[in-house]
Amino acid sequence: MDLRFTDAAPDAAERAAVDDLLGPPPSGWEGGTGRSDADLRWARGGASAAKDRRDQLLPALHAVNDRVGWISEGALNYICRRLTVAPAEAYGVATFYAMFSVRPRPAKVLHVCTDLACAARGSAALRAELTDRMGSPGSPADGTVWQESPCLGLCERAPAALLLRAGQDPARDGQDPAPAGADGSRRAAVVAPATAAALVTAARAPEKAPQEPPATAAVPQAGDPALVLLRRIGVVDPASLDDYRARGGYAALRRAFALGPSGVVREVLDAGLVGRGGAAFPTGRKWQATAQQADGPHYLVCNADESEPGTFKDRVLMEGDPYALVEAMTIAGFAIGAHHGYVYLRGEYPRAYECLSHAVASARTRGLLGPDVLGQGYAFDIEIRRGAGAYICGEETAIFNSIEGQRGEPRSKPPFPVEKGLFGKPTAVNNVETLVNVLPILEHGAAAYAATGTGTSTGTKLFCVSGQVDRPGVYELPFGASLRELLVLAGPPERLRAVLLGGAAGGFVRPDELDVPLTFEGTRAAGTTLGSGVVLVLDESVELPRVLLRIAEFFRDESCGQCVPCRVGTVRQEEALHRIVDRTGAGAADDIALMREVGQAMRDASICGLGQTAWNAVESAIDRLGVYK
């Protein structure tokens, strides 16, 4: 692909996809008819005004990829002209994300998960049979190409696969030219648990894929009156705003307006709420710091890009109780003085996108979002931005770059996001679980909320239990419950080998350590971490060296490559694990020593948490489980 402006032109479907997003081209430079004074100014280099639209780059790439299935030179050229972005920069962005392709491919792409939970439930055998039936991964056949994928966030139904078919948006059928290469309207189909036969059938006709079970199927405790965050899952109709309000929805927002912004921050501080993404930073302090910034505007970003292998709790919340997130974001925006909030949502979550989009639109129609929320004179609205397959975009500053139309690479800190975040303005970033915790705090008061859990880990926590258990799913327990209590609920295997806490960036726990309290301080004292709530259970049939190898492959793939310790260290770690995969004792000693040195360098010198934690699970397996002894 030529990385300059060329004469390559988009076809009708590509042009329509971009124009649906950006509107008709207003000038000859952007692809319209005629030349204007504005065209001449841009041609002379005066394109500063056009930079205001750089944040539309990722949505524009999505638009073409959704419509056609890949991004051609002509389409990229057209996007660059519409947004006045250098083609080399747009190419760098398009090739950063795993869900985009700048090479021709069929309209149907089948993503088959290879990650830890799916590997524990037979994804290797699934992929072998799929290769026999559909050819090698990456080889197009019969209008479909299948490819291996990192975690799809469907771990409770492993092994899992996601089929995406490019085409016209069903809501716009009949308005646009038929897309080249597409054999119907745009569609997504989840097949989980997957068999090779079911995947072949779905690939031929996505319409005939089995319907996904409701979100409540992922909550084994559904209906338990002790639930707090999951209490409405399976009870409320996720598509009905009236049902949400009838079950207590928007009582928290009304109390927020009664308290005022500083009162809301005080309640959250007194409740002791800390972030549920793994860092455990006090949410009230983050909101307070953002609200106090003199610069403006302020922004709120909801991090819904839960890409840690084994994590799927935020998906279940968004699919089963989407209005809760809309209400919680409105409260957070009110507290920090923001009038615009973004949800940065995993591209691999099509149903969550649909549920949340409907909820935002309904709330806007009913005056619960918009220029005068609940008639209180407060303006707030929410915009959903889809990721496109990049683990690193779960890092808060990488989200900013992704929304702004840059490569999703983390920024060096300081300055911190509360000072200079999205678009260089004060920004509070919270994940989905953190935000929905605000609702019970305001509904019942900070003291009632803090009465649950421990002194420093208050409230309840969601755990994503997967692997070799009888009842995988999302569980909610008060902080302080033990890992053993959680496993009893999920049905542990008879011969437990280990539990991976916190996901690929977490650490392993031995069977004799199951009484570790599930709190931030308890797991820290035990030498592990809660992380984002991943609890991956492995029995003695699992070959741990190959699990470690998969973790190393994951970090090598997902490293953005920006800093040397992470870019090189993740490669060296994987190479060493390959060398010792079948070795023990003295035969593995030299490579283990090398990995310790490399791991420490990554931990000390990487820019962000990816490199800093890439060695954690491997180190814990060596030291706690004695994998290579």
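The values are calculated or read from the model by the stated rules, or taken from the named source; none is laboratory data. Fair warning: this is a prediction, and the values are worked out from it, not measured in the lab. Ideal geometry is used to build each Cβ from the backbone, glycine not excepted, and the neighbour counts take in all protein chains shown. Accessible surface is based on the protein model in full, side chains and every heavy atom, while ligands, DNA and RNA are left aside. Shrake-Rupley method; radii C 1.70, N 1.55, O 1.52, S 1.80 Å.
Taken as a whole, the range 288-298 holds no residue that is of a type in the set (V, I, T) and closer than 24 Å to L241 by Cβ.
Search the range 107-130 for residues being touching a strand residue (DSSP E or B) at 6+ places or on another chain (Cβ under 7 Å) and part of a loop (DSSP other than H, G, I, E, B), and hand back the single one that is nearest to W70 (Cα to Cα). My answer is A107. Taken over the range 531-547, residues that are at pLDDT below 95 and buried (at least 20 other Cβ atoms within 10 Å of the Cβ) amount to 2.
Do the conditions hold for A128, that is, is it open to solvent by 10 Å² or more (accessible area, probe 1.4 Å), at pLDDT 95 or above and more than 25 Å from L58 (Cβ to Cβ)?
Considered against the rule, which asks whether it is open to solvent by 10 Å² or more (accessible area, probe 1.4 Å), at pLDDT 95 or above and more than 25 Å from L58 (Cβ to Cβ), A128 comes out as yes.
For the range 131-156, the candidate set comprises residues that are open to solvent by less than 30 Å² (accessible area, probe 1.4 Å) and assigned to a helix (DSSP H, G or I); within that set, the residue that is nearest to R471 (Cα to Cα) is E156.
Is it true that P220 is over 22 Å from P170 (Cα atoms) and either surrounded by fewer than 23 Cβ atoms within 10 Å (Cβ to Cβ) or among the polar types (S, T, N, Q) (or both)? Considered against the rule, which asks whether it is over 22 Å from P170 (Cα atoms) and either surrounded by fewer than 23 Cβ atoms within 10 Å (Cβ to Cβ) or among the polar types (S, T, N, Q) (or both), P220 comes out as yes. Contact annotation: residue pairs with Cβ atoms under 9 Å, 6 or more positions apart or on different chains, pairing a residue in the range 77-92 that is on the phi > 0 side of the Ramachandran plot with a partner that is open to solvent by 10 Å² or more (accessible area, probe 1.4 Å), are T84/W29; T84/W42; T84/A47; T84/A49; T84/K51; T84/R53; T84/R54. Of all residues in the range 157-171, exactly one satisfies the criterion of being modelled with pLDDT of 95 or more, open to solvent by 20 Å² or more (accessible area, probe 1.4 Å) and of a type outside the set (D, E, K, R), namely L164.
Scanning the range 425-439 for residues that are of a type in the set (D, E, K, R) and open to solvent by 10 Å² or more (accessible area, probe 1.4 Å) returns a single hit, K425. In the range 20-32, the residues that are at pLDDT below 70 reach residues that are basic (K, R) with C-beta atoms within less than 8 angstrom, at least six apart or across chains, in these pairs: W29/R35; W29/R81. Note on the range 385-410: residues that are part of a loop (DSSP other than H, G, I, E, B) and either closer than 14 Å to H339 by Cα or touching a helix residue (DSSP H, G or I) at 6+ places or on another chain (Cβ under 8 Å) (or both) amount to 11. The listed residues are Q288, Q293, and the only one of them that is touching a residue at least 12 places away in the same chain (Cβ under 8 Å), over 30 Å from A120 (Cα atoms) and in a loop (DSSP other than H, G, I, E, B) turns out to be Q293. In the range 602-625, the count of residues that are more than 16 Å from Y391 (Cβ to Cβ), modelled with pLDDT under 95 and not in a helix (DSSP H, G or I) is zero. Check whether at least one residue in the range 265-279 is assigned to a helix (DSSP H, G or I), touching a strand residue (DSSP E or B) at 6+ places or on another chain (Cβ under 8 Å) and either basic (K, R) or open to solvent by 40 Å² or more (accessible area, probe 1.4 Å) (or both), and report yes or no. So far as the range 265-279 goes, yes, one or more of its residues are assigned to a helix (DSSP H, G or I), touching a strand residue (DSSP E or B) at 6+ places or on another chain (Cβ under 8 Å) and either basic (K, R) or open to solvent by 40 Å² or more (accessible area, probe 1.4 Å) (or both).
Annotation: A601 fulfils all but one of (1) within 22 Å of the chain's Cα centre (by Cα); (2) open to solvent by 20 Å² or more (accessible area, probe 1.4 Å); the unmet one is (1). Within the bounds of the range 508-519, is there any residue that is surrounded by fewer than 17 Cβ atoms within 10 Å (Cβ to Cβ), of a type outside the set (A, V, I, L, M, F, W, C) and assigned to a loop (DSSP other than H, G, I, E, B)? Yes, some residue in the range 508-519 is surrounded by fewer than 17 Cβ atoms within 10 Å (Cβ to Cβ), of a type outside the set (A, V, I, L, M, F, W, C) and assigned to a loop (DSSP other than H, G, I, E, B). Restricting attention to the range 186-204, does a residue exist that is polar (S, T, N, Q), open to solvent by 70 Å² or more (accessible area, probe 1.4 Å) and touching a residue at least 40 places away in the same chain (Cβ under 8 Å)? Yes, there is a match, as at least one residue in the range 186-204 is polar (S, T, N, Q), open to solvent by 70 Å² or more (accessible area, probe 1.4 Å) and touching a residue at least 40 places away in the same chain (Cβ under 8 Å).
Might you check whether a residue that is touching a Pro at 6+ places or on another chain (Cβ under 7 Å) and open to solvent by less than 50 Å² (accessible area, probe 1.4 Å) occurs anywhere in the range 84-98? Within the range 84-98 (the criterion being touching a Pro at 6+ places or on another chain (Cβ under 7 Å) and open to solvent by less than 50 Å² (accessible area, probe 1.4 Å)), the answer is no, since none of the residues qualifies. What number of residues within the range 476-505 satisfy the criterion of being open to solvent by less than 10 Å² (accessible area, probe 1.4 Å) and touching a helix residue (DSSP H, G or I) at 6+ places or on another chain (Cβ under 6 Å)? Of the residues in that region, 1 qualify.
Considering R245, R232, which residue is basic (K, R), within 25 Å of the chain's Cα centre (by Cα), more than 30 Å from L126 (Cβ to Cβ) and at pLDDT 95 or above?
Unique residue meeting the criteria: R232.
State whether the residues of the range 84-95 include one that is outside any helix (DSSP H, G or I), touching a helix residue (DSSP H, G or I) at 6+ places or on another chain (Cβ under 6 Å) and under 26 Å from R187 (Cα atoms). So far as the range 84-95 goes, no, none of its residues is outside any helix (DSSP H, G or I), touching a helix residue (DSSP H, G or I) at 6+ places or on another chain (Cβ under 6 Å) and under 26 Å from R187 (Cα atoms). For the range 393-410, a tally of residues being touching a residue at least 40 places away in the same chain (Cβ under 8 Å) and open to solvent by 10 Å² or more (accessible area, probe 1.4 Å) returns 7. Just one of the listed residues (A205, A209, A256, A252) is within 30 Å of M134 (Cα to Cα) and touching a Leu at 6+ places or on another chain (Cβ under 9 Å), and it is A209.
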